[in-house]
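Read the structure below first, then the notes.
Values in this text are rule-based calculations from the coordinates and carry no lab data. As the structure is a computational prediction, the values presented were derived from the model and not from experiment. All Cβ positions, even for glycine, are placed from backbone atoms using ideal geometry, and neighbour counts span all protein chains on display.
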Amino acid sequence: MGLKSKKPTIVSFQKMKQQGEKIVWITSYDYPTASFAEQAGVDMILVGDSLGMCIYGYDSTVPVTMEQCIWHSECVRRAAPNTFVVGDMPFMSYQRSVEDAVENAGRFHKEAGVDAIKLEGGERVVPQVRAILDAGMVVCGHIGLTPQSTGQFGGYKAQGRTAESGADMVRDALALAEAGCQLLLLEAVTPPVAGYITERLDIPVLSIGAGADCDGQLLIVSDLIGEFQAFTPKFVKKYANVAEVMTNAMAEYAAEVRSGAFPAPEHTYKMKDGEYERFLKLVEEDR
Ligand code: KIV
C-alpha cells in the first residue's frame, strides 16, 4: 500500500509517461470508496458519470445530471485530498455550446474542487476543449467507445477494429492533443490502435479496455470489486466479490435477528449499578 503525502499533478503524469511508469486510475463515487482508493495508493480517481449505472441503477449514463456529478465529486474530494480527482461532464452539460461547457466545467472546479475535467468526443468537441482550457482548467479527452453516444455505435461496441475506424481515432486523438488536452482516455479500443496513439502522443494516454500498451489503466471500481451486477465488459478483471461478501453478511444478520442471536449482551449498553431498581421505583410511583 502506498500512502501518498503529496497530490500528483499533470506534470507528475507527464514524467510517469516519459519514465515508462504506469498510471493507476479507478472510478469512485462516494467517501468510503475514495478513501480506500487513496489508502491503496491509486494515482487518479474519476468521478465518472458511470455513477448513473453503478449507484443510481439507471440503464445508461444518459440521465445523469450535473448536480449528481457535483455531489459525488464533493464526497470524493473530501475523502481523497492527496489523489488527482477528475470530474466527468455528464450528457448535455457540454454538447450544446461552448458556454455550457465552460460554465459546467467551472462548477466542478468551484463547487467540488476537482483537478481536471473529462469529456467525451474527438474533433467535434475541440471548441469546448479549447474554451475550458482557456478558462484555466485541465482537460482529459475520451474517445473510442463513448458511452454517452452508444446509440450512434449501435451499442457498447469495441472501436478500432478496422483500418478506417483506427485512422478516424488517430485523427480525433491528434485533434484533442493539439487543442491542449493534457490527458487522453481510450475506451474499448483494439490494442494495436491504442498502442499507436500512445506512442504518437506526448500526453499520457490511459486505457479502459484498450490493452497494456497505454500509459496507464482505468477500471470502474464497481466492476473491479465485484459489486456491479448487471453485466461485465470483456476488459474487466474482478479483484474481489463484494456483492457476495455483502449479501452473505446481510443474510447472516437477518438470520440472527430472526433467531434472537443478535443483539447479544456485548452489543448493548449497561445501566449504572443500582439504577434499575431506582428506575422501577420512579416509574411505579408515577403510575
Ligand atoms: O463514467 C465513467 O466511469 C467513464 C468510464 C467508463 C471511462 O467515463
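About the Cα centre of region 245-286, what is the dipole size in debye to 20, counting +1 per Lys and Arg Cβ and -1 per Asp and Glu Cβ, all else neutral?
160
Roughly speaking, what is the centre-to-centre gap between region 218-238 and region 99-118 when only Cα atoms are used, to the nearest Å?
What the calculation gives is 27 Å, centre to centre.
Helix 10-19 sits at what angle to the longest principal axis of the chain, using alpha carbons and giving 0 to 90 degrees rounded to 10?
That works out to roughly 70 degrees.
Could you order peptides 254-262, 269-277 by the average number of other Cβ atoms within 10 Å of their residues, highest first?
Averaged packing, sorted descending, gives the order 254-262, 269-277.
Just tell me which aspartates and glutamates come within less than 19 Å, Cα to Cα, of Lys17; anything on the same chain fewer than 8 places away is out.
In chain and number order, the partners are Asp43, Asp115, Glu178, Glu187, Glu199, Asp202, Asp213, Asp215.
Which one of His267, Gly155, Ala131 is farthest out on the positive end of the charge dipole of the chain, using unit charges on Cβ (Lys, Arg +1; Asp, Glu -1) and the Cα centre as origin?
Ranked along the dipole, the leading option is Ala131.
Taking only the Cα atoms of region 1-120, how large is their convex hull per residue, in Å³?
Each residue corresponds to 109 Å³ of Cα convex hull volume.
Non-local amide H neighbours of Ile23 (under 5 Å, H modeled in plane, Pro and chain starts lacking H): which ones?
The list, which skips near neighbours in sequence, is Gly216, Gln217.
Taking a ≥ b ≥ c as the square roots of the eigenvalues of the Cα gyration tensor of region 154-247, is the shape rounded (a/c under 1.5), prolate (a/b larger than b/c) or oblate?
Working: a/c = 2.78, a/b = 1.98, b/c = 1.41.
Since a/c reaches 1.5 and a/b is larger than b/c, the shape of region 154-247 is classed as prolate.
Largest first and in whole Å, give the semi-axes of the chain's equivalent ellipsoid, each being the square root of 5 times a Cα gyration tensor eigenvalue.
On the way: eigenvalues 403, 89, 71 Å².
Here the semi-axes work out to 45, 21, 19 Å.
Per residue of the chain, what 222 nm ellipticity follows from adding -39500 (n - 2.57) for every DSSP H run with n ≥ 4, rounded to the nearest 500? Please report the intermediate quantities before stating the final value.
Working: 12 runs with 122 residues, N = 287.
Per the formula, -12500 deg cm²/dmol.
Under 20 Å Cα to Cα from Lys22, which lysines show up? Leave out anything in the same chain fewer than 8 places away.
The qualifying lysines are Lys4, Lys6, Lys7, Lys118, Lys237, Lys238.
Which of rounded, prolate or oblate describes region 210-267 when judged by the alpha-carbon gyration tensor and an a/c cut-off of 1.5?
Note, shape of region 210-267 comes out prolate.
Quote the convex hull volume per residue of region 245-286, based on C-alpha atoms, as a whole number of Å³.
Measuring per residue, one finds 109 Å³ for the Cα hull of region 245-286.
5 Å is the cut-off here: which amide hydrogens, built 1.01 Å from N in the peptide plane, fall below it relative to Gly48, excluding neighbours closer than 5 in sequence?
Ser28
Cα centroid distance between region 169-209 and region 1-62, in Å?
18
What is the helix-to-structure angle for 242-259, meaning the angle in degrees between its Cα long axis and the longest Cα principal axis of the chain, kept from 0 to 90 and rounded to the nearest 10?
Compared with the principal axis, the helix lies near 10 degrees.
Need one number for region 12-68: average projected area of the convex hull over its C-alpha atoms, nm². Don't jump to the answer; show the numbers that get you there.
Details: hull surface 20.2 nm².
That works out to 5.0 nm².
Please give the helix 275-286 orientation as an angle from the longest Cα principal axis of the chain, in degrees from 0 to 90, rounded to the nearest 10.
Around 70 degrees separate the two axes.
Most exposed first by the Cβ proxy, i.e. fewest other Cβ within 10 Å, how do Leu145, Leu186 rank?
Leu145, Leu186
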